[in-house]
Amino acid sequence: MGEKASSYTILWASQTGNAEWIAKNIHSEAKERGYVGECFGMDAYEKAQLDKIRVLIAVTSNTGDGDPPDHSLKFWRFMRRNKEAGYFNNCQVAILGLGDTNYSNFNNTAKRLEKKLKSLGATVFYEKGLADDAEGLENVVDPWIEKLWDALPKVLEKKSEGNGANGDVDNLANKVEAVKIEESPTNTNPYSGEERAKNVPPEAQKYLNLENSLIEPTTNPYSGEERAKNIPPEAQKYLNLENSLIEPTTNPYSGEERAKNVPPEAQKYLNLENSLVKNKEKEHLGHALTLDFSGLQSGMQLSGMPRIPAASAKLVRLEKTRSLNEAPTTQCVVTPTPITEAAVSRVQCLTTHDAVKRTLHVELDIGDGLEYEPGDAFGVVAPNDESLVEAVLERLVPSTAEGYQTLYNVEGESLPTHLQNSKSVSLADLLRYVVDLTTPPRKALLRLLAEYTTEVEEKTKLIYICSKQGVSQFNSVREQVPTLLDILKTFPSCNPPVERLLDALPPHMPRYYSIASSPLKYPGKIHFAFNIIDYKNLYDVPRKGVATPWLDQLTGFVAARSSKNPTILDVAAKSIKVPIFRKENANAFTLPSDTKHPLILIGPGTGIAPFIGFLQHRQQQLKIRKSMGGVGTHPSRDIKKEFGDIWVYYGFRERAKDYLFEQELEEFVKDGTITQLRLAVSRESNKVYVQDLMRQDLDKLYDLIINQDCSTYVCGDAKGMAKGVNDVLVEMLVQHHQLDAVAANKLLIEWMGSRKYLRDLWA
């Protein structure tokens with residue numbers, strides 16, 4: 001193919017917005033470098049005219065256990081049907097995959113795409129990049145894109161010299177290749193008396209407080225301030241006497257002190273919309289990050305910074321305004337299927353107050369509006385925490401009216417998907433539902449924030465964090481899982497316009513949950529179970545999830561269970577609504593239609609939830625079949641033969657605290673729905689995990705899987721449990737099927753493709 005192509009096409013498939021953002025930035029820079037081309041989401045492949053593409057750059061993420069993103073399901077259906085060997089004969093391709101090594105099918109979509117394109121005749125002109133979110137996508141993405149500009153001229157001609165000065169794209173106005181630190185960002189003189197006083201060597205400390213010493217102590221032990229710190233216990237009782245001349249260290253009647261001691265019965269009034277009573281939690285929102293800038297030295301060269309995101313989103317102010325009393329709306333949210341407002345009908349807490357995690361089980365009334373099968377999932381459109389939204393707005397906009405009442409349209413060419421419904425919205429709407437305020441930042445966001453930081457030292461530090469030299473501090477930022485407010489608090493002179501933040505903040509994603517019920521048992525309802533995400537990071541700073549604390553608050557903080565059977569709270573009369581939508585089940589994590597098919601269900605913790613739906617469905621199917629009667633002399637026995645064995649491996653920490661769905665599981669065992677229930681208890685006398693129990697049952701598992709063609713389902717943690725289960729299955733094949741470990745793993749991958757081995761995992 002000697003002649004170079006005249007244009008390129010970029011296709012992206014994104015689940016969380018990263019692949020779309022990266023693809024559009026590649027497209028933007030390619031145009032600035034003088035190339036001509038177009039950029040499409042994969043599901044818009046018909047517009048792209050695939051059969052005419054000469055140079056294809058594909059950027060794709062993964063969802064679940066290496067499955068294609070929702071934005072590419074239509075594209076993949078087309079690709080699977082396409083058997084034309086020479087369809088891409090004239091096409092040169094380069095692929096960038098975004099994955100996560102916590103999943104064993106790491107970057108499976110990118111690998112499958114390259115294999116399929118090659119089978120249809122395409123040629124790879126630049127080796128694929130496989131980025132790992134567990135280590136930081138930038139570690140692979142940034143160098144892959146940089147080297148793409150060396151590979152692209154071999155297959156693609158330039159139409160112009162680009163927009164850089166004298167054609168030099170490295171001098172583009174918004175691209176910073178290197179920054180020289182002219183002076184120490186600390187702005188302190190290490191030889192000043194003040195600085196030297198901070199670093200008195202230990203052997204000299206004893207001379208500081210000598211009587212009549214000429215060396216001044218760092219503190220005056222006779223000052224009122226110091227003496228107040230050391231009031232003897234016997235004198236404390238005289239501090240708060242009425243008309244005392246000794247001033248108490250705190251005034252118990254001050255607003256500050258009274259705010260610390262709001263009685264429990266008044267707490268519920270603190271979070272009322274527009275309440276004048278201050279919530280003490282709001283006062284402590286935003287935590288400065290713990291960072292080490294000792295590596296930032298005067299005179300050093302900083303390099304490898306990302307480009308400042310191009311200004312694409314425009315806030316167009318409208319004449320109309322919104323009342324402060326008007327309820328927030330989800331009309332600006334982009335979802336793959338329509339949003340339904342589902343009423344909460346019941347809620348219960350499945351764990352005790354002293355369990356490690358708080359787990360809720362919620363029932364939603366969906367009426368006839370949403371059909372599903374056991375194993376399906378649905379999305380919840382949960383807002384960012386309202387206190388966080390309020391605090392960010394207080395920091396960035398001049399008035400309440402500006403943040404909550406003024407309405408805008410978000411406009412611009414090639415708007416990212418998540419901004420395309422943002423019409424007649426307030427800034428609060430955008431921060432609630434459209435942009436993510438809690439995900440660790442991209443380097444490009446930090447680079448943008450540096451542009452709007454006025455204090456030189458802070459600006460330098462931000463640039464350092466997103467440079468090649470500051471990679472350790474960028475990793476430290478990621479580890480601390482900061483909110484946008486935390487970053488703004490760390491760099492107080494940073495004051496970016498909300499409009500520019502729309503260009504750099506990732507999309508606010510819906511949260512997906514597996515359905516834990518059967519439509520046969522609960523028509524018009526769906527059940528789901530979830531842990532409340534509430535923890536502290538490595539620096540003991542509190543962090544919490546988005547959807548689960550919101551759902552907990554929305555449903556009234558139902559009391560923890562105190563007995564084997566949790567108390568069910570009927571909340572139907574309260575008219576609590578949750579915005580939800582149906583998620584297409586791309587990985588076929590559903591029951592086989594043939595009831596004779598045996599099943600192995602493996603689900604520790606809340607991973608058991610979808611299997612409760614499976615078991616309810618099989619239980620109801622059996623009841624329906626029995627109600628129809630039999631024709632033989634032993635109808636009950638004959639009917640039972642029409643239902644395959646079900647083995648369940650379920651793990652939890654302590655039987656008395658977090659044995660979820662205990663009553664239901666015991667009922668399934670009693671009526672024969674479950675053939676064998678194996679319980680792994682990890683925090684009692686012996687630490688036992690589901691993979692340990694499976695290892696004890698290798699002979700029986702081999703018979704079920706190989707001889708009876710059983711389907712194996714795994715739901716839960718990708719990092720630990722799923723890897724352990726996979727290792728046990730490899731052992732089984734090595735011991736009983738005479739395969740080596742490599743061949744055994746290959747067979748498991750084949751089973752995933754044929755839906756014999758299905759996994760629904762999260763990191």
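Details
- Evaluation of Leu739 against the conditions (1) crowded, with 16+ Cβ neighbours inside 10 Å; (2) in a helix (DSSP H, G or I); (3) more than 27 Å from the chain's Cα centre (by Cα) shows that the sole unmet condition is (2).
- Screening Ser517 against (1) closer than 30 Å to Leu615 by Cβ; (2) open to solvent by 30 Å² or more (accessible area, probe 1.4 Å); (3) not hydrophobic (A, V, I, L, M, F, W, C) leaves a single unmet condition, (2).
- Hits in segment 658-699 (condition: farther than 24 Å from Gln348 by Cα, hydroxyl-bearing (Ser, Thr, Tyr) and either modelled with pLDDT of 95 or more or touching a helix residue (DSSP H, G or I) at 6+ places or on another chain (Cβ under 7 Å) (or both)): Thr673, Thr675, Tyr689
- Filter result for Ser414 (assigned to a loop (DSSP other than H, G, I, E, B), surrounded by 21 or more Cβ atoms within 10 Å (Cβ to Cβ) and more than 19 Å from the chain's Cα centre (by Cα)): no
- Selection status of Val558, open to solvent by 10 Å² or more (accessible area, probe 1.4 Å), outside the structural domain of Ile22 (by TED's automatic domain parsing), hydrophobic (A, V, I, L, M, F, W, C) and over 25 Å from the mean Cα position of the chain (by Cα): yes
- Lys583 passes every criterion in (1) farther than 23 Å from Thr340 by Cβ; (2) basic (Lys, Arg); (3) in contact with a strand residue (DSSP E or B) (Cβ under 6 Å, 6 or more places away or on another chain) apart from (1).
- Flag if Ala110 is part of a strand (DSSP E or B) and either buried (at least 16 other Cβ atoms within 10 Å of the Cβ) or within 19 Å of the chain's Cα centre (by Cα) (or both): no
- Neighbours by Cβ (under 9 Å, 6+ apart or cross-chain): first from segment 120-149, closer than 25 Å to Arg54 by Cβ; second hydroxyl-bearing (Ser, Thr, Tyr) and crowded, with 17+ Cβ neighbours inside 10 Å: Leu120/Tyr87; Gly121/Tyr87; Ala122/Tyr87; Trp144/Tyr126; Lys147/Tyr126; Leu148/Tyr126
- Flag for Val734 being farther than 30 Å from Gln620 by Cα, in contact with a helix residue (DSSP H, G or I) (Cβ under 7 Å, 6 or more places away or on another chain) and part of a helix (DSSP H, G or I): yes
- Condition check for Glu363: surrounded by 22 or more Cβ atoms within 10 Å (Cβ to Cβ) and either in contact with a Gly (Cβ under 8 Å, 6 or more places away or on another chain) or not in a helix (DSSP H, G or I) (or both): yes
- Only one of the numbered conditions (1) at positive phi; (2) under 21 Å from the mean Cα position of the chain (by Cα) is violated by Asn105, and that is (1).
- Taken as a whole, segment 393-406 holds at least one residue that is hydrophobic (A, V, I, L, M, F, W, C) and free of Cβ contacts under 8 Å to residues at least 40 places away in the same chain.
- For segment 125-153, a residue qualifies if it is farther than 18 Å from Leu98 by Cα and either assigned to a strand (DSSP E or B) or at pLDDT below 95 (or both), and exactly one does: Phe125.
- Residue check for Arg432: open to solvent by 30 Å² or more (accessible area, probe 1.4 Å), among the basic types (Lys, Arg) and out of contact with any strand residue (DSSP E or B) (no Cβ under 8 Å at 6 or more places or on another chain): no
- Test: Gly379 is in contact with an Asp or Glu (Cβ under 9 Å, 6 or more places away or on another chain), outside any helix (DSSP H, G or I) and surrounded by 21 or more Cβ atoms within 10 Å (Cβ to Cβ): no
- Of the residues making up segment 448-473, those that are more than 21 Å from Gly286 (Cβ to Cβ), part of a helix (DSSP H, G or I) and open to solvent by less than 20 Å² (accessible area, probe 1.4 Å) are Ile463, Tyr464.
- The number of residues in segment 554-581 being of a type outside the set (Lys, Arg), in contact (Cβ under 8 Å) with a residue 40 or more places away in the chain and not in a strand (DSSP E or B) comes to 15.
- Checked against (1) in contact with a strand residue (DSSP E or B) (Cβ under 6 Å, 6 or more places away or on another chain); (2) open to solvent by less than 40 Å² (accessible area, probe 1.4 Å); (3) within 22 Å of Tyr659 (Cα to Cα), Thr673 meets all criteria but (1).
Conditions tested, residue by residue: (1) in a helix (DSSP H, G or I); (2) open to solvent by less than 20 Å² (accessible area, probe 1.4 Å).
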site	(1), (2)
Leu622	yes, yes
Glu642	no, no
Val648	no, yes
Leu660	no, yes
Val669	yes, no
Ala680	no, yes
Leu693	yes, yes
Ile705	yes, yes
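- Elements of type helices (runs of 4 or more DSSP H) in segment 1-101, at least 3 residues being open to solvent by 20 Å² or more (accessible area, probe 1.4 Å) and of a type in the set (Ser, Thr, Tyr): none
The values are calculated or read from the model by the stated rules, or taken from the named source; none is laboratory data. Here the structure is a predicted model, which means the values were calculated and not measured. Every residue, glycine as well, gets a Cβ built from its backbone with ideal geometry; the counts of neighbours run over all protein chains shown. Heavy atoms of the whole protein, side chains included, go into the accessibility calculation; ligands, DNA and RNA do not. Shrake-Rupley method; radii C 1.70, N 1.55, O 1.52, S 1.80 Å.
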